[in-house]
Structure formats: C-alpha cells, structure tokens
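The values are calculated or read from the model by the stated rules, or taken from the named source; none is laboratory data. Here the structure is a predicted model, which is why all the values come from computation and not from measurement. Positions of Cβ are generated from backbone atoms using ideal geometry, with glycine treated the same way; all protein chains shown enter the neighbour counts. Accessible surface areas use protein heavy atoms only, side chains included; no ligands, DNA or RNA. Shrake-Rupley method; radii C 1.70, N 1.55, O 1.52, S 1.80 Å.
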Amino acid sequence: MINPVSLIEISVGAVFINNFVLSRFLGLCPFFGVSKKLSSAAGMGGAVIFVMAIASSFTWVINHYILVKYDLLYLQTIVFILVIAGLVQLVEMALQKYSPALYEALGIFLPLITTNCAVLGVALLNTGVNQITGKDYTFIESVFNGVMSGVGFSLALILMAGIREKLEFAPVGKALEGLPIAFITAGLMALAFLGFAGLNFFLTVGG
Amino acid sequence: MIRMTVVLTLITCAAALLIAFTNVKTKDKIAGQQAAAQAAALQQILPEGATVTPATVQTDDGTVNYWSVTAGNETYYAFRVGSRGYSSTISSLVCVDTVGIVVGMVVLEQSETPGLGTRVQEVLSKKYFWNGLIGPKEQAAPWFTEQFKGISIEKPIGIEKTKGEWHALSEPDRASLKEKNTITAITGSTISTRAVIKGISGKALQYFQAVRG
Amino acid sequence: MIGEELKRGIIDENPILVLALGLCPSLATSTSVTNGLGMGLAATFVLACSNVFVSLLRKAIPDKVRIPCFIVVIATFVTIVQLLMKAYLPALDKQLGIFVPLIVVNCIILGRAEAYASKNNIFRSLIDGIVMGLGFTFALCILSVIREVLGSNKLFGLKFIPFYQPMTVFILAPGGFFTIAFVMGIVRHLKNRGKGA
C-alpha cells in the first residue's frame, strides 16, 4: 500500500527538483514579503508546512470521496479554497486557546497563508497523476507531498532571508533596491536549483 | 451572529446555483472537446480511410484500452502509451500493423525542457512572425515521430547520434537507418528521445503482443 | 475620468510592476504572449465581475465574515471562467494549467475587493476592476514578449529574429525572475527620474 520509492522521490522532488517557489512559482507573494528577517522566515516556514500538511489531507479526502465520486469536479476550486480558509481559521482559534506559545510564534502568519497560492496549489497538484507510479496520488503520498512542498518552500524562504539580511548592507542601485534585487537573487537561486532537474533515483513508469 | 451565517449561506447558495448553471451549459461541449482531441490525434497517425473501433485487451497492467483499425483489407492496432521522460510523463499514440511495424506515431502530451525535450513535438516551420500571421497555415508533421514510420517495435530500436537529425538527412541515409531499425536522437536531448522509444518498445510492444495473442 | 483611471491602473498603480501583487501567475504564465494575454484577460474578467458583485452586496455583508464572502464570490467567477475556457479554449486551458483555478488566490482580486469594491459604488468598482485588470494584462504582455522572444525566438508561436539562437533560460524559472527584476527596475528608475528631476 505504501510505496517507499514513490515517497522518497516525492520528497526529493518537492524540495529540490520542483521547488515550489524557485521552480513552480507558487507562494511568491509571502516569499518576498516575509523574507526580510531570518526569524520571521523561520516562523512563516513552520506555519506553511503545518497548513499544507492539514490542507493536503483534508482536500484529498474530500476530493476522493465526494467530488470524484459524485461527478462534482467543477466545484473543486470553490470547495478547496473554502476548506482551506475554514481550516486555517479553526487552526488559528485552536492554537490561540490551547497553545498560546505556538500561537505567538505562528499566529500572525496564518491568515496570510490562506491566500497563499502554494497551499491551494499543492491541494490541486495532489488531484493530478503521480508521475512516479503513473497512478493517482494516494492519501499518504498526498500528505507527504504537502509536507515536503512546505519544507521546500521553507528552505527557499530561509535561504532567501539569509541572503537578504546581508543585502541590506550592500550598495545596490536606487532603481533596483528592495524588490528588484530580491528578484534577481531569487533568479540566481532558481538557476542553482535548475541543476537538480532530471534527478531521479529509480526508473519506474515505462520501464 | 445569525445574520453572518444567513448572509454567508445565501451567498454560497447563489454561488452554487450560478456554477451549476454554467456547468450544465458547458458540460457537453467540454466532453465533446476531449473526444474531438482524441479523434484528431488518431487521425494524424492512421492510414487513409481507416475505420476505428475501440477495444480492450487483458495485459499485465490490467485491462488496457486500445483501438482496432481497419483500412481496406488491412488491420492495424493503435495504442496510447506513457513513459517517464526527463521532467514529465510523455504520452504518445502509436499505430502498428499486424507484424509490429509502425504506421504512424505522434506525441500527445509532454512537459519536457523547452527547446530541448519539447522538440519531440516540434514541427519545423520556415515561416517567420511577419509572414506567418497572414497566409495559409503550414501542415507539416513533427519530424521526430515521422521518422518512426517503418520501424519495427519487435526488434530493438537503435539511436543514431552522429549523423545529425532526421529532417536534415538525405533519402539514402534515411533508408539505411530504417534498415538498421534506428532513429536519430534530438541533439542534446537523449533522455527525452529514449523515453519516447521506451514507450513504444516497452508498453506498446507489451500491449501489441497481448492483442496478437 | 476614464482616461485618468486607465493611467492609474496601467502605469501609476500597475498591480505587478508597482504594487507587486499577483506575482505567482505573472511569472508562471509569461512564457509566451498567448499565455500571458489569456491569463490577463481571464483575470480581468474575474476581477471586474467580483468587484461589481462585492460592491453590490457591500451593505449586506457583515464585517466579520467579509473575507469568506469575498472568497465565495471570487471563486464562483473563477469556476465560471474555468468552465468556459475548458469548453471554448481547451488548448489555452492546458497551457495555463493550475494557474486558472489559482486566480482565486490572486492577491490583486482579493486586495481590490477589500480595498476598493467594498467601499465604493458599483460603477466605480467596475471601472476599477477593468483598469486594474488591464494593467495586469499589460504588464503580463511586456514580460511575455521579452521572455518569448529572448527565450524561444518566437512571437505568438512563430519565429521572430533570423539567425538567433534563443537563450532557453528565459522561458525557464530563473528567466522569469530576471525579467521581472529588470522590468521593475526600469519602471522604478523612470518613476524616480520623473519625481526627483
């Protein structure tokens, strides 16, 4: 039932080969908004992993047992986004009540994450076909994909924050200050990550 | 509190109605589009005046759909296969005759590296932007899959990397490659080339042998 | 007034190049002009419609649930656009992939609903939606033209410059980042010169 090869490939794929930010262009708005300080980047990263894990599991279940079964796929977009928005709201309220410390660390980022293309993006990607097995994503694979995509996002975010903190002290031309130089940095990082393209451990679909 | 719930519920219901309405209006067109795309792809690879019948066959992969094709007195089989390429699953449609010789082939879907792997679907065009927008559309076929015509899937398919790409070769060169059951690779894109070959000499061969019995 | 609004949406407050909103789809769909145009026009449609409806209902929506209500309205129009595209423009739908449903989380649309449509009348909201959408489309086209010509030597799928071997990096991820960085930089430079001179 659990295919370990598939899980390893999904993990490596989500973090390096198809990194959500640097390769798939998902989650850019918070990426550039929160990457100015290393501490806030780490907090945002943690929150994103958490939300993506929960969102992946819930949306997969709803998609598999309700939308596909009753031929309601055209409601996918609206159902997914409402589920995600609702989940994040619930999580925020639960954190506030039961774990004030965690709420302090993650809480402010949670509403931002609702409209993060990365969360809706991973939910939608999980409804597609798993490239490695050639079949649909199973539940475990979906959750793995969600978690590891979050890890990939956090990795890129933390790397970016580290660089940006140093950039603050570098002499940058006035027109390129702030966002443009951040984009160039991201571009160079994306170039580096491009080196991972084509990496695969085990040959599967098609022999 | 009540008001919030009521308003939200009303808006959601109105939204659901609007979406359902649009869905009803477009459902048939969407299904039609997908069927049309499939039929158009089949047309590209089948011989002249062929009639197609969908059929199924039992293989190691379970029940596989394929198409049984009749043209005149000849019978052919068409299969849709997928294989793992460089960065995506390459989906191809291949039509073979009763002895496993390829009659037509086309790559349906792929998301390979732009400019390299995507050339499996490349149609060489002589037109430039300014004269391409006006005037009749060119009707060429992708050279990469064209060169598979006449290749036998039952024998190993070789890859020729030193003679250049097929579209630039002369007729005698092309004939000698065909004798050796060899095709030319896309320059700089061996993995995508191999993936396409794997699709037909792997899965397609498997299904073909299952159909033939 | 319309001229002023147009200038605002396309130049002064261009969603992508000045406000830095809606970045995800802009980098992902600007690989060719057809994709960029398609995405821009789809987003403009959703933006205009959702602005109108949010403005229509602005007095009825209680403040506490306004974000979920906005999301429902926006998601409805995104779904309608999705279905229409699948039916009438399936090739474009395939090219844009998951970025069509992702229009629902496009920061521009939620942002305008929150900042403008919920506080202004229907006509003004409609105009705002249209000009912001046009600004988005305009910026997308600029990015797409640069990326498509430099990256694949094509425009609308047809070859462009003779004897030019394209730099593939421009249609890949890094190229997207570099292109938007430089276009943004140029826009800022022009603005600074205009102001500081």
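If C:Y116 satisfies every condition in (1) among the aromatic types (F, W, Y); (2) farther than 30 Å from B:V24 by Cβ; (3) within 10 Å of another protein chain (Cβ to nearest Cβ) but one, which is the exception?
Checking C:Y116 against (1) among the aromatic types (F, W, Y); (2) farther than 30 Å from B:V24 by Cβ; (3) within 10 Å of another protein chain (Cβ to nearest Cβ), the one that fails is (3).
Tell me yes or no: at least one residue of segment A:88-105 is part of a helix (DSSP H, G or I), touching a helix residue (DSSP H, G or I) at 6+ places or on another chain (Cβ under 7 Å), in contact (Cβ under 8 Å) with a residue 60 or more places away in the chain and of a type in the set (A, V, I, L, M, F, W, C).
Yes, because at least one residue in segment A:88-105 is part of a helix (DSSP H, G or I), touching a helix residue (DSSP H, G or I) at 6+ places or on another chain (Cβ under 7 Å), in contact (Cβ under 8 Å) with a residue 60 or more places away in the chain and of a type in the set (A, V, I, L, M, F, W, C).
Please go through segment C:24-73 and give me each residue that is crowded, with 23+ Cβ neighbours inside 10 Å, among the polar types (S, T, N, Q) and within 14 Å of chain A (Cβ to nearest Cβ), ordered by number.
Once the filter is applied, which keeps residues that are crowded, with 23+ Cβ neighbours inside 10 Å, among the polar types (S, T, N, Q) and within 14 Å of chain A (Cβ to nearest Cβ), segment C:24-73 yields C:S26, C:T29, C:S30, C:S50.
Would you mind finding the one in B:T51, B:T70 that is away from chain A (no Cβ under 14 Å), among the polar types (S, T, N, Q), open to solvent by 60 Å² or more (accessible area, probe 1.4 Å) and closer than 24 Å to B:A141 by Cα?
B:T51
Can you find, within segment C:145-177, the residue that is least open to solvent (accessible area, probe 1.4 Å) among those that are within 14 Å of chain A (Cβ to nearest Cβ) and under 11 Å from C:V33 (Cβ atoms)?
C:R147
Tell me yes or no: at least one residue of segment A:59-68 is within 13 Å of chain C (Cβ to nearest Cβ) and outside any helix (DSSP H, G or I).
no
What single numbered condition from (1) closer than 28 Å to A:I158 by Cα; (2) out of contact with any Asp or Glu (no Cβ under 8 Å at 6 or more places or on another chain) fails to hold for A:V79?
Just one mismatch for A:V79, condition (1).
Does segment A:166-179 hold any residues that are among the small types (G, A, S) and either in contact with a Phe, Trp or Tyr (Cβ under 9 Å, 6 or more places away or on another chain) or away from every other protein chain (no Cβ under 14 Å) (or both), and which are they?
Once the filter is applied, which keeps residues that are among the small types (G, A, S) and either in contact with a Phe, Trp or Tyr (Cβ under 9 Å, 6 or more places away or on another chain) or away from every other protein chain (no Cβ under 14 Å) (or both), segment A:166-179 yields only A:A170.
Step by step: first the residues of segment A:12-28, then only those that are open to solvent by 10 Å² or more (accessible area, probe 1.4 Å) and at the interface with chain C (Cβ under 7 Å from one of its Cβ atoms), then the one that is nearest to C:V105 (Cα to Cα). Which residue is that?
A:F25
Return the total of residues in segment B:20-46 being open to solvent by less than 60 Å² (accessible area, probe 1.4 Å), closer than 17 Å to C:F77 by Cα and hydrophobic (A, V, I, L, M, F, W, C).
1
Considering each of B:I200, B:I183, B:I191 in turn, give the residue that is modelled with pLDDT under 85 and either in contact with a Ser or Thr (Cβ under 6 Å, 6 or more places away or on another chain) or within 30 Å of B:N65 (Cβ to Cβ) (or both).
So the residue among B:I200, B:I183, B:I191 that is modelled with pLDDT under 85 and either in contact with a Ser or Thr (Cβ under 6 Å, 6 or more places away or on another chain) or within 30 Å of B:N65 (Cβ to Cβ) (or both) is B:I191.
Please give the number of the condition C:V183 fails out of (1) at pLDDT 90 or above; (2) open to solvent by 60 Å² or more (accessible area, probe 1.4 Å).
(2)
Answer with yes or no whether C:K7 is within 12 Å of chain A (Cβ to nearest Cβ), charged (D, E, K, R), open to solvent by 20 Å² or more (accessible area, probe 1.4 Å) and over 30 Å from B:A31 (Cβ atoms).
Against the criterion (within 12 Å of chain A (Cβ to nearest Cβ), charged (D, E, K, R), open to solvent by 20 Å² or more (accessible area, probe 1.4 Å) and over 30 Å from B:A31 (Cβ atoms)), C:K7 does not qualify.
Does A:I163 qualify as being farther than 30 Å from A:Q89 by Cβ, more than 8 Å from chain C (Cβ to nearest Cβ), in a helix (DSSP H, G or I) and not basic (K, R)?
Working: farther than 30 Å from A:Q89 by Cβ: yes; more than 8 Å from chain C (Cβ to nearest Cβ): yes; in a helix (DSSP H, G or I): yes; not basic (K, R): yes.
Against the criterion (farther than 30 Å from A:Q89 by Cβ, more than 8 Å from chain C (Cβ to nearest Cβ), in a helix (DSSP H, G or I) and not basic (K, R)), A:I163 qualifies.
Residue check: is C:F138 touching a residue at least 24 places away in the same chain (Cβ under 8 Å), under 30 Å from A:G195 (Cβ atoms), open to solvent by 10 Å² or more (accessible area, probe 1.4 Å) and more than 9 Å from chain A (Cβ to nearest Cβ)?
No, not satisfied.
Test each condition in (1) more than 24 Å from C:C24 (Cβ to Cβ); (2) within 14 Å of chain C (Cβ to nearest Cβ) for A:G121 and report the one that comes out false.
For A:G121, the failing item is (1).
Quick check on my filter: what residues within segment B:156-178 are part of a loop (DSSP other than H, G, I, E, B), open to solvent by less than 70 Å² (accessible area, probe 1.4 Å) and of a type outside the set (D, E, K, R)? It would help to see each step written out before you state the result.
Looking only at segment B:156-178, we keep the residues that are part of a loop (DSSP other than H, G, I, E, B), and these are B:156-157, B:161-165, B:169-170.
Okay, now just the ones that are also open to solvent by less than 70 Å² (accessible area, probe 1.4 Å), so B:157, B:164-165, B:169-170.
B:I157, B:G164, B:L169, B:S170, listed by residue number.
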